[in-house]
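Below is one structure; the comments refer to it alone.
The values are calculated or read from the model by the stated rules, or taken from the named source; none is laboratory data. Just so it is clear, the model here is predicted, and its values are computed rather than measured. Reconstructed Cβ throughout: ideal geometry from the backbone, glycine too, with neighbour counts over all protein chains shown. Surface areas here come from the heavy atoms of the whole protein model, side chains and all, with no ligands, DNA or RNA. Shrake-Rupley method; radii C 1.70, N 1.55, O 1.52, S 1.80 Å.
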Amino acid sequence: MAKGLSTRHLIGIKNITEDDIRLIFETADNFKEVINRPIKKVPSLRDITVANLFFESSTRTRVSFELAERRLSADIVNFTASSSSVSKGETLLDTVNNILSMKVDMVVMRHPAPGACVYLSSRIPANIINAGDGTHEHPTQALLDAFSIREKLGDVTGKKIAIIGDILHSRVALSNVFCLLKLGAKVRVCGPPTLIPKHYAELGVEISHDVQETLRWCDVANVLRIQLERQDIKYFPSLREYHQYFGINRQMLESLDREIVIMHPGPINRGVEITSDVADSPHSIILQQVENGVAIRMAVLYLLAAQY
Ligand code: ASP
């Protein structure tokens, strides 16, 4: 096993290796133990300043990163677009350079533009972690998803994972595909034809439009939200019709001859892509995903800081 990561930044899963992913998991195993102790804090990032730059709304990811940074004893500056000078016309690079003049070592950034993190990583000296760039990648979400599958099923290699829902607008889907394929899983995406981009066929995943058959095939179903805020045109007639054809309900799970694991990156739209009785059922590991998010983000921050 490699001693350190092969990269200074976490821009996307596409750019990291299987060894990087396995090293992040092993480090997260240790941090998961730490955050379940009565004293949850370690001094690993003392003297490191992390800027959390959120140019797009986020609850779970922002809180999870902030908690991970605090557990590692980092100093933190928070910056959200609504309260920033971006709305006054400042460029992304100027905003970030101003923050870096304050001697920031690492930047966690969410931005609506795909590629925003790559752009920054070649222009500023800090380590960059992508916390979601538009419809492109959301690497820490994919890492925590795969980590949660490994925890639940023992391994990811050889497992059949279905990603069901709005694939077209989902950065979670793309990062998950890269991560799961690197770890040797079999991956299928499922949803209406209008919500599955054609290029997915070239990524090495199966494509299906039949949810019931996909549930019979898979060990794990990762259910995604319809990202209405990113949809400029109508991709299906109505949310009611989407639910009727692609929503996951309890009867569908009961008709299977074995149990499957249900995942969701959140936020859940109950009654659209998933019913409450499925989201809250023992099949669901949705809250374990959230817990694992903190351990995974601690691992990423810690390993990238070591590259400094
Ligand atoms: N929380 C995830 C993301 O930021 C998924 C979602 O928003 O539906 O991409």
| query | Out of the residues in the stretch 258-303 that are surrounded by 23 or more Cβ atoms within 10 Å (Cβ to Cβ) and among the charged types (D, E, K, R), which is farthest from the ligand (Cβ to nearest atom)? | reply | 297
| Looking at the stretch 117-137, is at least one residue within 30 Å of residue 216 (Cβ to Cβ), open to solvent by 10 Å² or more (accessible area, probe 1.4 Å) and either within 13 Å of the ligand (Cβ to nearest atom) or not β-branched (Val, Ile, Thr) (or both)? | yes
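Yes or no, residue by residue, for (1) without any contact (Cβ under 8 Å) to a residue 40 or more places away in the chain; (2) on the phi < 0 side of the Ramachandran plot:
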residue	(1), (2)
96	no, yes
99	no, yes
103	no, no
107	no, yes
116	no, yes
121	no, yes
125	yes, yes
128	no, yes
131	no, yes
| Any residue at all in the stretch 2-13 that is of a type in the set (Lys, Arg) and under 17 Å from residue 293 (Cα atoms)? | no
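Which count do you get for residues in the stretch 150-189 that are within 16 Å of the ligand (Cβ to nearest atom) and part of a helix (DSSP H, G or I)?
Looking only at that region, the number is 9.
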| Failed item, numbered, when residue 56 is tested on (1) away from the ligand (no atom under 16 Å from the Cβ); (2) among the acidic types (Asp, Glu); (3) at pLDDT below 95 | (1)
| task | Answer with yes or no whether residue 21 is more than 16 Å from the ligand (Cβ to nearest atom), buried (at least 20 other Cβ atoms within 10 Å of the Cβ) and touching a residue at least 60 places away in the same chain (Cβ under 8 Å). | result | yes
| Of all residues in the stretch 190-205, which are within 16 Å of the ligand (Cβ to nearest atom) and among the aliphatic types (A, V, I, L, M)? | 195
